[in-house]
Amino acid sequence: MHIDKAEVLASLRARGLHARADWVDRELPAMVDTHKHNSLLRMLGVDPDRAPDKVGSAPR
């Protein structure tokens, strides 16, 4: 599954984590692979299952 990096950035900025958002913006691709970057997303407190713009997710 992939999520738009903008969703990750918005989540971080909404929590006042601007420096982390700037780093994520530089380091991650526009579409973030949630499997590949699972540990990083967890560390950042981002739940990909709650992101509204999920791409490539299989129906449950």
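The values are calculated or read from the model by the stated rules, or taken from the named source; none is laboratory data. Small disclaimer: the values here were computed from a predicted structure and weren't measured. Methodologically, a virtual Cβ is constructed for each residue, glycine included, from the backbone with ideal geometry; neighbour enumeration extends over all protein chains shown.
Can you say whether residue 13 is modelled with pLDDT of 90 or more and surrounded by fewer than 17 Cβ atoms within 10 Å (Cβ to Cβ), as far as the supplied structure shows?
On the way: modelled with pLDDT of 90 or more: yes; surrounded by fewer than 17 Cβ atoms within 10 Å (Cβ to Cβ): yes.
Answer is yes for this residue.
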*Residues of the range 20-60 being within 9 Å of residue 3 (Cα to Cα) and either modelled with pLDDT of 90 or more or in contact with a Leu (Cβ under 8 Å, 6 or more places away or on another chain) (or both), which ones?*
30, 31, 32, 33, 34, 48
*Starting from residues that are basic (Lys, Arg) and not in a helix (DSSP H, G or I), keep the ones in the range 1-47 and report whichever is nearest to the chain's Cα centre (by Cα).*
36
